[in-house]
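Only one structure is covered here, and it is reproduced in the block below.
Computed from the coordinates by the stated procedures, all read-outs in this text should not be read as laboratory data. A quick note: this is a predicted structure, and the numbers were derived from the prediction, not measured. Backbone-built Cβ (ideal geometry, glycine too); neighbour counts: all protein chains shown.
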Amino acid sequence: MRKVVKFGGSSLASAEQFIKVGNIIRADRERVFVVPSAPGKRFDGDTKVTDMLYACYALAESGVDFGDELNAIKERYQEIIDGLHLELTLDAEFETIKRNFEEKAGKNYAASRGEYLNGIIMANYLGYEFIDAAEVIFFGENGEFDAALTDQVLSDRLAKCRGAVIPGFYGAYADGRVKTFSRGGSDVTGSIVAKAVRADVYENWTDVSGVLIADPRVVENPEVIDTITYRELRELSYMGFTVLHEDAIFPVRQRGIPINIRNTNCPEDSGTWIVGSTCQKSKYIITGIAGKKGFCAINIEKDMMNAEIGFGRRVLQSFEENGISFEHVPSGIDTMTVFVHQDEFMHKEQKVVAGLHRLASPDSIDIESDLALIAVVGRGMKSTRGTAARIFAALAHANVNVKMIDQGSSELNVIIGVRDEDFETAIRALYDIFVIAQL
């Protein structure tokens, strides 16, 4: 077996954390490919190295002296090197970074240096080969990830390695300019590496013992999910789950590689397994609950709307013309509601409304703001009667008014719309009826 292991920023924030990571890797000879993030926070109130790099580069871009800020970043890494007792210096790398900052190499380059430098330290600490992600992960001219070229080059390069460290979060254009994924993109790098080496398992190590059924900031001590499918996690990630970058699912899903979410600080915990499909039944009817605030609903009414061919297309055309994507579109015989992100819509609302009148000639348009969407996801719902009834009962008992409910045709998820002010109450009520009541 061969395993790809990715470690998040909290797992690599200090020399003490590095030692834990080293012990985890050395405890299993199958952990041969390592993807590190940049150092995260060491304690509450600390600053992530990536944020320090962004701030440092902002000074450089403005023509302001950034020497002190760059030295502070260097000291963070030196603290790790000294704590690991390594005979390693990053002086040459920091001279290069300083020069490239002065030459305005770009924010992508600046942000990527956190992973790049941590990768050098990790490779030195483990005795593994260091492979710069800019040499093996590629983006096209339009900034789109080039999966085919990356897979070919990365596969060939790693086939020759017995152990390698590939920094997460970034790659490069054909001309060598650094390009980053979105924040949390080290998860994506780990998935790409796992696909390239045909790994048996992709282990993603973080600071929690797996994927939780609900947000611990909302629900106290939520249960850990033992097994979750790619599709379930995709639905939950889209609605706010942050344990794993949502785009990290696709590369491994193509090859059927399972992901194992583990806790660096509790390596004995089995964590959560993310798989393509499974015969294992969920412990509960639902697998997870997630949601987001900050939506608004545009309610459109028109008599005989259902008999008017192309009405829905013309309604959505108004949003498209203004560069606004929609989240959900529940409808009735004479009504159609479009849910959109409020911060995207609010500055263009009158243009959208004017477009709706021009394109669809509705009888009336009503806009409701400050709404939240909550997803209740679970493969077990498909074979269980009364799930919707339980949802309504739980929310009614908690005095939460349901603004919208929408179930996908796969019966994998139910989306509920509530007011922002009822968001936390609604999630706790749903957790209580589907989890606490079954314990």
Shape category assigned to the range 80-185 from the gyration tensor of Cα positions, a/c cut at 1.5: oblate
FRET efficiency, 1/(1 + (r/R0)^6) with R0 41 Å, evaluated for Glu424 and Arg385 via beta carbons: 0.90
Stokes-Einstein D in µm²/s, Kirkwood radius over Cα pairs - the chain at 37 °C with 0.692 mPa s viscosity: 137 µm²/s
Where a label projected 7 Å from the Cα of Ala27 along Cα→Cβ would reach, residues of the range 264-279 with amide N under 16 Å: 264-272
Partners for Lys281 among lysines (Cα-Cα distance below 24 Å; same-chain residues under 8 apart left out): Lys382
Net lengthening on full extension, Asp343/Glu93 (0.36 nm per residue, minus Cα-Cα): 86.0 nm
Residue-span extension gain [Glu320 to Gln254] - 0.36 nm each, minus C-alpha spacing: 20.7 nm
DSSP-assigned coil residues among trypsin sites (Lys or Arg not before Pro) in the range 1-106, each with at most 13 further Cβ atoms within 10 Å: Arg29, Lys104
Reach of Lys160 by Cα under 30 Å, taken over lysines that are not fewer than 8 positions away in the same chain: Lys3, Lys6, Lys20, Lys179, Lys195
Per-peptide average of other Cβ atoms within 10 Å, ordering 117-124, 327-334, 293-300, 279-286 highest first: 117-124, 293-300, 279-286, 327-334
Whole-number percent relative contact order across the range 283-419, with pairs defined as alpha carbons under 8 Å at least 6 apart: 33 percent
DSSP-loop chymotrypsin sites (Phe, Trp or Tyr not before Pro) across the range 213-266, with at most 11 other Cβ within 10 angstrom: none
Hypothetical label at Val353: residues of the range 364-387 whose amide nitrogen lies under 19 Å (7 Å Cα-Cβ projection): 364-371
Inter-probe distance in nm under a simple model that places probes 7 Å from Cα toward Cβ, at Ser369 and Ser331: 2.7 nm
With Cα atoms, 0 to 90° folded angle of helix 67-84 axis to the chain main axis: 70 degrees
The chain: calculated mean residue ellipticity at 222 nm from DSSP helix runs of at least 4, using -39500 (n - 2.57): -11500 deg cm²/dmol
Whole-Å distance, taken between Cα centres, linking the range 156-225 and the range 336-411: 32 Å
Inter-probe distance in nm under a simple model that places probes 7 Å from Cα toward Cβ, at Asp46 and Lys107: 2.5 nm
Between the range 243-257 and the range 88-154, the alpha-carbon center distance in angstrom: 22 Å
Kirkwood-based Rg to Rh ratio, the range 1-156, C-alpha trace: 0.98
